[in-house]
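The values are calculated or read from the model by the stated rules, or taken from the named source; none is laboratory data. Since the model is a prediction, treat every value here as computed from it, not as a measurement. Cβ coordinates were reconstructed from backbone atoms using ideal geometry, including for glycine residues, and neighbour counts include every protein chain displayed. We work out accessible area using only protein heavy atoms, side chains counted, and drop any ligands, DNA or RNA first. Shrake-Rupley method; radii C 1.70, N 1.55, O 1.52, S 1.80 Å.
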Amino acid sequence: MNLNSRSFVTQYYYITTMGCQMNEYDSNYTAQCLQEMGLQPIDPPEKADLILINTCSVRAKAQQKALSVLGRMIKIKKKRPSIILGIMGCVAQQEGWNLIKRFPDLDLVLGTREIDKLQSLLHQLVRGKTKVVSTDLDKELFTTIYNNQFFEGKITSFISIMQGCNNYCSYCIVPYVRGREICRPPGEIVKEAENLIKQGVKEITLLGQNVNSYVWRDNGEIKFSDLLRLLNNVPNLVRIRFTTSHPKDLSNDLIRCFNEFDRLCPHIHLPFQAGSNKILKMMNRGYTREQYIDIIQRLRSARPDIAITSDVMVGFPGESDEDFKKTLDLIQKIEFDNLFSFIYSDRKGTVAEKMPGKISESDKITRLSILQNLQKEITLKKNRMLVGIDTQVLVEGYSKKGKQFTGRTRTNKIVNFLHENDIIGRLVQVKIDVAYINSLYGKVINSI
Ligand code: SAH
Ligand code: SF4
Ligand code: F3S
């Protein structure tokens, strides 16, 4: 396609991604749409004919980062005005035309459910339309793309099994920017998995804001556990993971899956958000602290080796010192393998934005640092327990330091090690020698 009718055609694109794994999946989907149109990726952005910024708005900081990247890209566009500059993702969905008004250099605003319209929208721009904004949220699913070579050379990959969220946690922007929950047909998910495996992918992470509420109704009902069974039977898929689960929908049926399906990794990411029932209620999370503890006990008694990670927030409106202590207490009781901790951030249009009792920034920062120090000790203690133990690692590539290989245990811990041969994509047995906070270091004792 002649993207650049204004001068010579090089047909290169550049995508920058911020936000969650869903956004990473969407960026890959977008790249596949563009490559189907004959465009090629390029770095740095200065050389691209089309620049797309995939954004996140989950916290104010994420949104600021998106706008600062946009500012940088606008500078590039000012030097070469023929560039088509687009913004997509959750900030694009939320702000729509406001973005064009505020940043007249932008050409395209693409909503979270409109990605498969990209080709026709770009054609409109090339044919002379000056600005395009497409942010319809009512649209059903994207058209599935498979049978290309986009993932060749990758060992791990994502598959989105559903879009949107119906939970309306009082602090969260996601239901407003991703729309209502809608599930993809199991047949398409399995086909996408088969296509990834054909390209060499060994491990697939199923994505959704609340994967355990997955259900497909056709002739009968396919629940999330049934979907896991279907994937567990796909030949040559070595590992299956999923994220994120919601405590309120976590069934015994799903807990059983960890013992039933040999490819399913013993790790669950189960955000708890707060340890105080008062705050959980104000957050509209739909479970109590006691129920959360009970789920963890059931998970651990079914699968003692399961790794448990979580998300937590400090400084929700009305969070007293007592409430915060209950969060710390829960962390201490459960001893998560790892924890992603955030400072509560007001999001426009959410219920919590209008709640009284806002906590000062300095108190939020203090609470976050107390919480993170506690978790650091727990993570290190848990990692140290692995020293001397042999563990299975799927080798994903080279570590950041270059010379070492890197991979993950079935419990999702990063392991780095040296090896003479290229063993990327292989399963190896590693004996752990050293434990750090964010990774483990060991020796390969045999390849499987
Ligand atoms: N669907 C997932 C998570 C989506 S957002 C779930 O329900 O767990 C990822 C994390 O960002 C959330 O778990 C929450 O801890 C955090 N988060 C969401 N909105 C936030 C806000 N307004 N301020 C601070 N953190 C927030
Ligand atoms: Fe947001 Fe809650 Fe939905 Fe997660 S479950 S995306 S936190 S509304
Ligand atoms: Fe961010 Fe949107 Fe994901 S707000 S966390 S990119 S769903």
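Numbers for the structure displayed
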| read-out | value |
| --- | --- |
| Percent antiparallel among DSSP beta bridges (both partners in the chain, rounded to 5) | 40 |
| Gain on full stretching of the segment that runs from Ser360 to Ile145 - 0.36 nm per residue minus C-alpha separation | 72.7 nm |
| Those lysines that a straight Cα-Cα span of less than 20 Å connects to Lys191, excepting residues fewer than 8 apart in one chain | Lys154, Lys202, Lys223 |
| Using a Förster distance of 22 Å, the FRET efficiency for Ser301-Phe261 (Cβ separation, nearest 0.05) | 0.75 |
| Listed peptides 51-58, 339-346, 160-167 by packing density, highest first (mean Cβ within 10 Å) | 51-58, 160-167, 339-346 |
| Value at 222 nm in deg cm²/dmol, rounded to 500, when DSSP H runs of n ≥ 4 in the chain each add -39,500 (n - 2.57) | -10500 deg cm²/dmol |
| Long-range HN-HN contacts of Met355 with modeled amide H, under 5 Å | none |
| Over the chain, relative contact order from alpha-carbon pairs under 8 Å, at least 6 apart, % | 9 |
| Carbon and sulfur %, accessible surface of the stretch 71-229 computed with the full protein complex present, 1.4 Å | 51 |
| Inter-part distance where the stretch 16-69 and the stretch 154-192 are each reduced to a Cα centre, Å | 18 |
| Unpaired by the 4.7 Å Cβ criterion, cysteines found in the chain | Cys20, Cys33, Cys56, Cys90, Cys165, Cys183, Cys257, Cys265 |
| Simple Cβ-charge dipole of the chain, Lys/Arg +1 and Asp/Glu -1, about Cα centre, in debye nearest 20 | 980 |
| Anchor Lys77: aspartates and glutamates whose Cα lies under 20 Å away (excluding residues fewer than 8 positions away in-chain) | Asp43, Glu46, Asp49, Asp105, Asp107 |
| Nearby aspartates and glutamates by direct alpha-carbon distance to Lys443 (threshold 12 angstrom, same-chain neighbours under 8 apart not counted) | Asp390, Glu420, Asp433 |
| Residues whose placed amide H lies under 5 Å from that of Val109, excluding near-sequence neighbours | Ile87, Val132, Val133, Ser134 |
| Flagged links, alpha-carbon separation over 30 Å, of Lys79/Lys348; Lys381/Lys401; Lys326/Lys400; Lys101/Lys364; Lys401/Lys431 | Lys79/Lys348; Lys326/Lys400; Lys101/Lys364 |
| Share, in percent, of DSSP beta bridges within the stretch 390-447 that are antiparallel, nearest 5 | 90 |
| Rounded percent of accessible protein surface that carbon and sulfur make up, the stretch 304-384, 1.4 Å probe | 56 |
| Alpha-carbon centroids, the stretch 96-124 and the stretch 354-381: separation in whole Å | 37 |
| Theoretical gain in end-to-end length, Leu67 to Asn166 [0.36 nm per residue, Cα-Cα removed] | 32.9 nm |
| Solvent exposure of the stretch 3-134 as accessible area per residue, Å², 1.4 Å probe | 42 |
| Segment Leu380-Ile42, length gained on full extension (0.36 nm per residue, minus Cα span) | 117.7 nm |
| Counted charge near Tyr176, where neighbours are those whose Cβ lies closer than 15 Å (Asp, Glu -1; Lys, Arg +1) | +1 |
